[in-house]
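We did not get these values from a lab; they are worked out from the coordinates using the rules stated. Only a predicted model underlies this, so the values are computations on that prediction, with no experimental measurement involved. So basically every Cβ, Gly included, is an ideal-geometry build from the backbone, and we count neighbours across all protein chains shown.
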Amino acid sequence: MANLKKMNFTYKINYLLGVFALLTSVLFTSCQEEELVVPANVPVIIPVTIAELNTGNYEGRIVQIEGVSFSEPVGTKFNGTSSNGGGNKTLVDCNGNSTTVFTPSDKPFSDQELPIGNGTIIGKASSFNGTIQLLPRTEADFAGLQNGGGVDLSGNVTIAQLRNIYQCANTQVKGAFNITGVVTISPEQGNLNSRNVFIQDAAGTGIALRFKADHSLKLGEQVTINCQGLALEKFNGLLQLNEIDEATNIISKGAATLPTPVTATIADIKAGKYEGQLVKIEGVEFKGTGAVSGTVEITTTDCAQSLPVYTRSDANFSNTNRPDGTGSIVGVVTVATTPQLIIRDMNDISFTGAKVCNAQ
């Protein structure tokens with residue numbers, strides 16, 4: 001009887017061990033089978049910033065970058081050539097970071113225009129001769145960038161509303177709306193490119209306009225512009241409404257009264273205020289002597305602040321000497337990487353006092 005009980009106990013142990021082995025086998029097999037249904041060729045997409053991509057730590061991986069846009073002018077193609085020489089384009093974010101997007105000439109979308117707007121792009125992280133690159137694979141990789149001109153305005157809007165459409169990216173205007181402003185500086189005196197002009201509306205906000213060709217707008221004219229389909233772009237940091245066709249986008253123009261310049265300080269201008277606006281700066285003098293041509297500087301009479309004043313060599317007053325003394329200067333605030341002032345002619349300078357900081 002003792003032997004029988006012992007055998008039963010042994011049998012029970014073996015039975016339990018067999019059941020455990022069977023269950024373990026089933027579970028292991030199930031896990032294996034579950035793993036087999038996961039597609040092996042689907043890459044993991046890693047969210048990164050431009051700054052993180054540029055570390056080089058993601059080479060060979062598929063990455064996704066949000067809040068970015070292409071910096072090239074509207075109408076630029078991914079490549080558009082028969083070679084790879086034109087395949088490099090610049091991707092930027094709102095923090096001033098940039099990286100290269102490369103498209104080989106044999107990609108089906110190489111002859112397409114770059115998408116306009118700020119959004120998301122996907123691609124393979126790579127490098128070439130030490131330069132970090134992002135390589136889009138298909139059109140789906142940059143579909144998230146095609147959201148330019150997301151604000152859909154209509155009717156007559158202020159220049160401030162127009163400027164607010166721009167969100168760190170070249171943006172195509174989708175809304176059917178108009179802006180109206182008075183020309184505050186024009187190419188008539190040669191101190192502005194013949195395709196450019198600045199206007200300012202009744203609320204005091206200004207903006208640079210860039211035409212497809214030479215235009216006929218004059219200082220002091222009021223102009224109304226149909227903005228639909230035009231592009232908001234930054235050129236060397238200056239926001240401008242671009243690709244304007246005088247024949248089709250100008251609704252009306254006529255004589256008007258020039259706006260009164262707002263009194264501004266150099267500190268405020270350098271802080272980014274008054275871009276595109278006609279301003280008056282008091283209590284300043286020129287640094288050094290010689291002609292006004294090129295980039296010269298004005299300083300405050302307390303010698304604490306300075307600001308570049310740019311005059312094109314084509315201006316009909318470019319060879320005029322900088323006035324000696326102190327006083328006020330009027331001009332339009334523009335940007336060439338950093339803020340600067342452009343004057344319309346020498347009548348914008350009114351110096352009556354003696355020099356203080358740069359006395360000769």
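Descriptive notes on the structure:
- For the chain, size of Cβ-based charge dipole, Lys and Arg +1, Asp and Glu -1, in debye: 840
- Amide H contacts under 5 Å for LYS355, placed H, 5+ residues apart: GLY325, THR326
- Cα gyration tensor, region 240-308 - rounded (a/c under 1.5), prolate or oblate: prolate
- Of VAL223, VAL173, VAL48, the one that fluctuates the most in a GNM where the chain has Cα springs shorter than 10 Å: VAL48
- Taking a Cβ cut-off of under 11 Å around PRO187, the surrounding Lys, Arg, Asp and Glu residues balance to a net charge of +1, with basic ones at +1 and acidic ones at -1.
- Among THR248, THR265, sorting on how many other beta-carbon atoms sit within 10 Å of each Cβ, with the fewest leading, yields THR248, THR265.
- Amide H to amide H, with H built 1.01 Å from N, GLU72 comes under 5 Å of THR90, counting only residues 5 or more places away or on other chains.
- Of all lysines in the structure, those lying under 26 Å Cα to Cα from LYS124, and not within fewer than 8 positions of it along the same chain, are LYS77, LYS89, LYS107.
- Candidate cross-link partners of LYS253 among the lysines, defined by an alpha-carbon separation under 27 Å and a same-chain spacing of 8 or more, comprise LYS174, LYS212, LYS218, LYS234, LYS280.
- The aspartates and glutamates whose alpha-carbon is closer than 18 Å to the alpha-carbon of LYS287, local same-chain residues fewer than 8 away aside, are GLU297, ASP302, ASP324, ASP348.
- Note on ARG344, ARG312: ascending count of other Cβ atoms within 10 Å places them as ARG312, ARG344, the fewest first.
- Rounded to the nearest 0.05, the FRET efficiency derived from the C-beta distance between ASP268 and THR337 at R0 = 25 Å is 0.85.
- Applied to region 230-238, the Karplus parametrisation 6.51 cos²θ - 1.76 cosθ + 1.60 on θ = phi - 60° returns per-residue 3J(HN,Hα) values of 6, 10, 9, 9, 10, 10, 6, x, 8 Hz, with x for Gly and Pro.
- Charge dipole (debye, nearest 20) of region 155-255; +1 at Cβ of Lys and Arg, -1 at Cβ of Asp and Glu: 180
- Length-normalised contact order of the chain in % [C-alpha pairs under 8 Å, at least 6 apart]: 10
- Relative contact order [Cα under 8 Å, 6+ residues apart], region 176-264, whole percent: 32
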